[in-house]
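So the structure is just underneath, and the comments pick up after that.
The values are calculated or read from the model by the stated rules, or taken from the named source; none is laboratory data. If you're wondering where the values come from, they're calculated on a predicted model, not measured in any experiment. Methodologically, a virtual Cβ is constructed for each residue, glycine included, from the backbone with ideal geometry; neighbour enumeration extends over all protein chains shown. Surface areas here come from the heavy atoms of the whole protein model, side chains and all, with no ligands, DNA or RNA. Shrake-Rupley method; radii C 1.70, N 1.55, O 1.52, S 1.80 Å.
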Amino acid sequence: MLIKLLKIIWVLSSVAVIALTFLRYDPNSVSDIGIFLVYGMLFLAFPLSLVVAGLFALAVLLQEQLRMPILDLISSNYVGFSVMWLAFFAVGYLQWFVLLPWLWRKWKRRL
């Protein structure tokens, strides 16, 4: 029961991050709401969220070095926020609700 409650709280918190990002995003003005999205999901999906952030940073570096528009489709807009959120969400969900319980069961069997 506790696991289900934690899962619901985690999913609702993640949805709240993307919902607030969409509500506060104004395409007609300069906005830093993307920072809120990244920090919120970094926190919720920590520590594997650092891998996702590193992959996004690597993609930015590759774009600059190769001078190819790799990330132009997912810039700071609704599509970009959705892709970024989905990447963090998937990694966080797998980490907390698939990998960690599996490791816990495996560890308990050894005892």
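Selection of the range 1-25 for residues being open to solvent by 60 Å² or more (accessible area, probe 1.4 Å) and not in a helix (DSSP H, G or I) yields only Met1.
Would you confirm whether or not the range 55-73 contains a residue that is in contact (Cβ under 8 Å) with a residue 60 or more places away in the chain, part of a helix (DSSP H, G or I) and surrounded by 13 or more Cβ atoms within 10 Å (Cβ to Cβ)?
Taking the range 55-73 first, the residues in contact (Cβ under 8 Å) with a residue 60 or more places away in the chain are none.
No; the residues of the range 55-73 include none that is in contact (Cβ under 8 Å) with a residue 60 or more places away in the chain, part of a helix (DSSP H, G or I) and surrounded by 13 or more Cβ atoms within 10 Å (Cβ to Cβ).
Note on the range 33-54: residues that are under 11 Å from Val91 (Cβ atoms), open to solvent by less than 70 Å² (accessible area, probe 1.4 Å) and of a type in the set (Val, Ile, Thr) total 1. What are the residues in the range 86-97 that are free of Cβ contacts under 8 Å to residues at least 40 places away in the same chain and open to solvent by less than 70 Å² (accessible area, probe 1.4 Å), if any? Within the range 86-97, Ala87, Ala90 qualify. Being surrounded by fewer than 16 Cβ atoms within 10 Å (Cβ to Cβ), within 9 Å of the chain's Cα centre (by Cα) and of a type in the set (Val, Ile, Thr) narrows it down to one residue among Val30, Val83; which is it? Selected residue: Val83, the only one of Val30, Val83 that is surrounded by fewer than 16 Cβ atoms within 10 Å (Cβ to Cβ), within 9 Å of the chain's Cα centre (by Cα) and of a type in the set (Val, Ile, Thr).
Considering each residue of the range 32-45 in turn, at least one proves to be more than 30 Å from Lys4 (Cα to Cα) and either out of contact with any helix residue (DSSP H, G or I) (no Cβ under 7 Å at 6 or more places or on another chain) or outside any helix (DSSP H, G or I) (or both). Tally up the residues in the range 74-111 that are more than 19 Å from Leu23 (Cβ to Cβ) and either touching a helix residue (DSSP H, G or I) at 6+ places or on another chain (Cβ under 8 Å) or in a helix (DSSP H, G or I) (or both), please. Looking only at that region, the number is 23.
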